[in-house]
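Peer 1: The structure follows.
Please treat every number below as a calculation from the coordinates, not as lab data. Fair warning: this is a prediction, and the values are worked out from it, not measured in the lab. Ideal geometry is used to build each Cβ from the backbone, glycine not excepted, and the neighbour counts take in all protein chains shown.
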């Protein structure tokens, strides 16, 4: 089937919610465009709201290089959405952005010649204790930018009337872009080739939040065919943030597998008497990884296997405490009974599977 045919099938379907998984390069964006075309009114009016790569492309950085970046800002191209800008406030976007706990502030810059044209750009800055002092603009990271654009779009939909005018459907294509496992491996290969070609004459620093990419590169550098060449010139570490400060922790324990790293984080929190609500989200990920390895669909099976007395009740509690409204980084420590539950599950996981977390 073509993208247009799939779009027509989705349009004709009776389902109210469609959740579809697809690898990158499958054509999710093309399907989104095809669905938009298939659902237009006869006069070309859109009947729904869309978020895809084209939405992100409306936002372009102006780095102000002529003035050494003093007025760097994220500009917004004029589009059919611009008419909704005048109804949008900074607080509307903050309402959606706060869940991500941003480390930046922002302000809207309207078109000076005609404010009705909407928002010309957004300036970002480091928040100050004195809000009356205008802070110098900064450039946020790509990840922060994508989160901001997503929250901006949500605010347009929820607060500025866009969703009311085009209320037929909401087509969301990868609100936070990511790579599938195949492309992660390809990226790792290109990085390793870069290391191979340039390490004798250049310092190469690679940082990543993706445990899979980190694990692949660790394996090639520590255990691959070229390991002897690298053993004395490679530093493998973890950038850690604790109590508001950053540190580089030497990765002596040789733990790169995802579930092992999560278990290590949980064990460190337990030893430090610092178990918090969000650690239940990490525990759930560990249990789901084990269940997947065992070929089971539910992590309650793992709870039963490790000897939890009431596995279904415990699974329900873990599900509840892993809910997105709970696992945003909490400041409150766990209450005693929840702490006992989490520690009990951790202990029984280790008693059953004997994961090697320490050297």
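Peer 1: Extending each Cα 7 Å along its Cβ direction at residue 268 and residue 83, get the distance between those two points in nm, one decimal.
Peer 2: Taking the simple label geometry, residue 268 and residue 83 are separated by 5.3 nm.
Peer 1: Full-extension gain between residue 17 and residue 343, please, as 0.36 nm times their residue separation minus the C-alpha to C-alpha distance. Don't skip to the answer; put the middle values down first.
Peer 2: Details: separation 326, 0.36 × 326 = 117.36 nm, distance 3.77 nm.
So the chain would gain 113.6 nm between residue 17 and residue 343.
Peer 1: Let me have the relative contact order for segment 2-111, percent, based on Cα pairs under 8 Å that are six or more residues apart.
Peer 2: Taking the mean separation of contacting Cα pairs over the length of segment 2-111, I get 16 percent.
Peer 1: Which order results if 237, 218, 151 are arranged by neighbouring Cβ count within 10 Å, fewest first? List each step's numbers first, then the result.
Peer 2: On the way: 237 12, 218 17, 151 21.
Placing the least packed residue first, the sequence is 237, 218, 151.
Peer 1: If you average the alpha carbon positions of segment 261-294 and of segment 15-76, how far apart do those two centres end up, in angstrom?
Peer 2: 36 Å
Peer 1: Tell me, in nm to one decimal, what length is gained between residue 42 and residue 296 on full extension, where the rule is 0.36 nm per residue of separation less the Cα-Cα distance?
Peer 2: Length gained between residue 42 and residue 296: 86.5 nm.
Peer 1: Over segment 258-359, what is the relative contact order in percent, taking alpha-carbon pairs closer than 8 angstrom and at least six residues apart?
Peer 2: With pairs under 8 Å counted, the relative contact order is 36 percent.
Peer 1: Still on this structure, please answer the following. Which of the peptides 86-96, 224-234 is most tightly packed, and how do the rest follow, judged by the mean count of other Cβ atoms within 10 Å per residue? Walk me through the intermediate numbers first.
Peer 2: Numbers: 86-96: 15.7, 224-234: 11.4.
Highest mean packing first, the order is 86-96, 224-234.
Peer 1: In whole percent, what relative contact order does segment 1-67 give with Cα contacts below 8 Å and a gap of six or more residues?
Peer 2: Result for segment 1-67 is 31 percent.
Peer 1: Let me ask you something else. Compute the length gained on full extension between residue 278 and residue 319: take 0.36 nm times their separation in residues and subtract their Cα-Cα distance, giving the result in nm to one decimal.
Peer 2: Extra length available between residue 278 and residue 319 comes to 13.6 nm.
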